[in-house]
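Here is the structure we will look at, set down as structure tokens.
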Amino acid sequence: MAFTAQDVKTLREMTNVGMMDCKKALQATDGDMDKAVDWLREKGLAKAAKKAGRIAAEGMAYASVCPECGVGAVVEVNCETDFCAGSTLFVQFVHDICKVVMTDDPADVDALMQCKYPGSDKTVAETMPEKVMSIGENLQIRRFARFAKPFNVAYVHAGGTHGVLVNLAVEGDIDATEIGKNVAMQIAAMSPKYWDKANVPQADIDHELEVQVALMNADPKMASKPDAIKQKIAAGKINAFYKENCLLQQDFVRSDLFQGSVEGYLADAGKKLGGSVKFVDAVHFVKGEGIEKKEEDFAAEVAAQMNMGK
């Protein structure tokens with residue numbers, strides 16, 4: 001499998017490893033990005049890797065909770081430019097779409113398009129051309145999620161780069177809004193791959209064990225140890241894997257409020273309020289996640305236009 005200079009750059013951004021080592025990794029793995037990440041980890045050059053494919057696209061990720069019924073929704077709507085994404089008309093459109101999700105509970109985007117647009121007799125599909133004309137750019141309702149009760153908390157980071165909806169189980173007559181917001185901020189900041197260690201597929205655990213054993217095989221001080229010992233050491237490091245990748249096992253980032261895991265924070269914060277708070281589920285949308293955005297050379301475009309006028 002061939003690879004390009006862009007692949008080397010992407011691998012460097014994922015692993016924070018130097019360009020030459022990234023090139024060697026891709027050469028050794030025939031351009032396979034996932035295997036290249038493992039190759040770098042096994043050589044002790046990379047501790048972790050960011051998810052590939054997170055190329056920025058414009059628009060907004062937004063989450064909200066209905067103050068009357070408690071239903072929560074999170075949506076991602078895309079447009080063409082960041083200028084549009086910050087406009088009042090576009091932001092209101094996103095808010096309206098989120099309201100449709102909360103009130104109508106559509107099964108998917110196609111079903112959402114057939115729902116009534118807020119304050120109108122027209123459907124969302126019928127309203128879209130009007131919004132495209134008034135906003136001035138193509139619009140796409142990309143995805144959404146919805147949680148009914150028991151208790152939902154919404155969080156929007158940096159004007160819409162991240163939209164997080166957290167679903168909690170709350171016992172006792174307490175308001176867990178602040179607790180949910182802190183958990184949502186943790187999710188936005190740390191982007192955990194799993195919510196709890198119980199959710200980690202066995203295949204992922206087996207893969208991590210293989211990486212840890214490979215790291216020991218590459219270490220002159222560890223390579224000569226019996227395989228059984230290496231396996232035991234690798235198993236002991238799985239907790240570190242959970243702590244890095246699983247929300248409830250991660251260190252709580254607001255150490256000014258609580259020092260320990262997110263799971264510990266939930267238990268402690270709920271108890272202090274005189275009740276109980278447990279994490280149930282969450283949805284985390286990152287604006288433009290996985291969308292290939294067209295790279296445009298503005299200077300070349302202007303030069304081309306000037307040449308056309310000659």
Return yes or no: is ALA25 under 27 Å from PRO192 (Cα atoms), modelled with pLDDT of 90 or more and either among the hydroxyl-bearing types (Ser, Thr, Tyr) or surrounded by 15 or more Cβ atoms within 10 Å (Cβ to Cβ) (or both)?
yes
Give the residue, chosen from LYS131, LYS99, LYS149, that is basic (Lys, Arg), in contact with a Phe, Trp or Tyr (Cβ under 6 Å, 6 or more places away or on another chain) and touching a residue at least 24 places away in the same chain (Cβ under 8 Å).
LYS131
Out of the residues in segment 183-204 meeting the condition of being without any contact (Cβ under 8 Å) to a residue 40 or more places away in the chain and not in a loop (DSSP other than H, G, I, E, B), tell me which one is least open to solvent (accessible area, probe 1.4 Å).
ASP204
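The values are calculated or read from the model by the stated rules, or taken from the named source; none is laboratory data. As the structure is a prediction and not an experimental result, all values here were calculated from the model. Every residue, glycine as well, gets a Cβ built from its backbone with ideal geometry; the counts of neighbours run over all protein chains shown. Each accessible area value is taken on the protein alone, full model and side chains, heavy atoms only, with ligands, DNA and RNA left out. Shrake-Rupley method; radii C 1.70, N 1.55, O 1.52, S 1.80 Å.
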